1. Using the basic label-point model (7 angstrom from Cα toward the beta carbon), what is the ALA126 to THR157 distance in nanometres?
2. Tell me which GluC sites (Glu not before Pro) from the range 50-126 have a DSSP coil assignment and no more than 10 other beta carbons within 10 Å of their own.
3. Report the charge-dipole magnitude of the range 1-136 in Debye, nearest 20, computed about the Cα centre from +1 at each Lys and Arg Cβ and -1 at each Asp and Glu Cβ.
4. Give me the 1.4 Å probe accessible area per residue for the chain, excluding ligands and nucleic acids, in Å².
5. What helices does the chain have that are whole DSSP H segments, at least 27 Å long along their own axis by Cα, and with mean Kyte-Doolittle hydropathy of 1.0 or more?
6. Taking the Cα centre of each part, how many Å lie between the range 46-119 and the range 149-183?
7. Out of [x] 34; [y] 47; [z] 18, which label holds the value of percent of Cα pairs over 28 Å apart that was computed here?
8. At a 1.4 Å probe radius, carbon and sulfur cover how many percent of the accessible area of the chain?
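The values are calculated or read from the model by the stated rules, or taken from the named source; none is laboratory data. These figures come from a predicted structure and were not determined experimentally. So basically every Cβ, Gly included, is an ideal-geometry build from the backbone, and we count neighbours across all protein chains shown. Areas reflect the complete protein model, heavy atoms only, side chains present, ligands, DNA and RNA absent. Shrake-Rupley method; radii C 1.70, N 1.55, O 1.52, S 1.80 Å.
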Amino acid sequence: MDLTADLRRTAEAAVRYAAPGEEVVGIVPAEPSSGSRAYLCAYGGEDGAASWLVLDADGEPVADRARVREVVSIAALVELAEENAGGGDLDDLRSKLVAVRVTENPPGIDEAEEAAIALQSVLGAAPRVATPQLLDEIGAATLRLEQALGGSGSPFTLAMREATATVEELTHDVEGAYKVPLS
């Protein structure tokens, strides 16, 4: 079954757990280090409150706290990596690189353009599954781009280090508004 069909099936299962006045507002497929796919489902209510549920591959709620934490963590880290890769707006960066090529054509512009294209290829099109491998691929492609662009330090690495607090906050929010009791 392809990912789009999996997401459709998961959305149908997730709707069963929506409270009155609540709807499924997002589903992130994730395969943490344990290798089995799960789906982080976000719910939104009329009052603006959010609630959460992780469904397993069979559409059943996951009640194991450790499993929920690993699914939330990899989903959040991959999303943050995608948002920060290439400065956050890869299309804009690629346009600027073309403009620099046309106006200045400096040494290394070919490598920078190739690295931007490679990063865009890694990011691919949605939907995709959040995995440690994808996170590593985004990091490696971003590093290649940063090296091709020159400069010192890595804005991406810094952003990912700072992401720890964001991931912990999201995990806390998910646990606090989880739809089934966690064990």
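1. Between ALA126 and THR157, the label points sit 3.0 nm apart.
2. Within the range 50-126, the qualifying GluC sites (Glu not before Pro) (loop, at most 10 other Cβ atoms within 10 Å) are GLU104.
3. Computed charge dipole of the range 1-136: roughly 240 debye.
4. Numbers: 9840 Å² over 183 residues.
The answer is 54 Å² per residue.
5. Numbers: long enough: 65-84 (28 Å, 0.22); 155-176 (32 Å, -0.18).
TM-like helix candidates: nothing returned.
6. The range 46-119 and the range 149-183 have Cα centres separated by 13 Å.
7. [x]
8. Its accessible area is 53 percent carbon and sulfur atoms.
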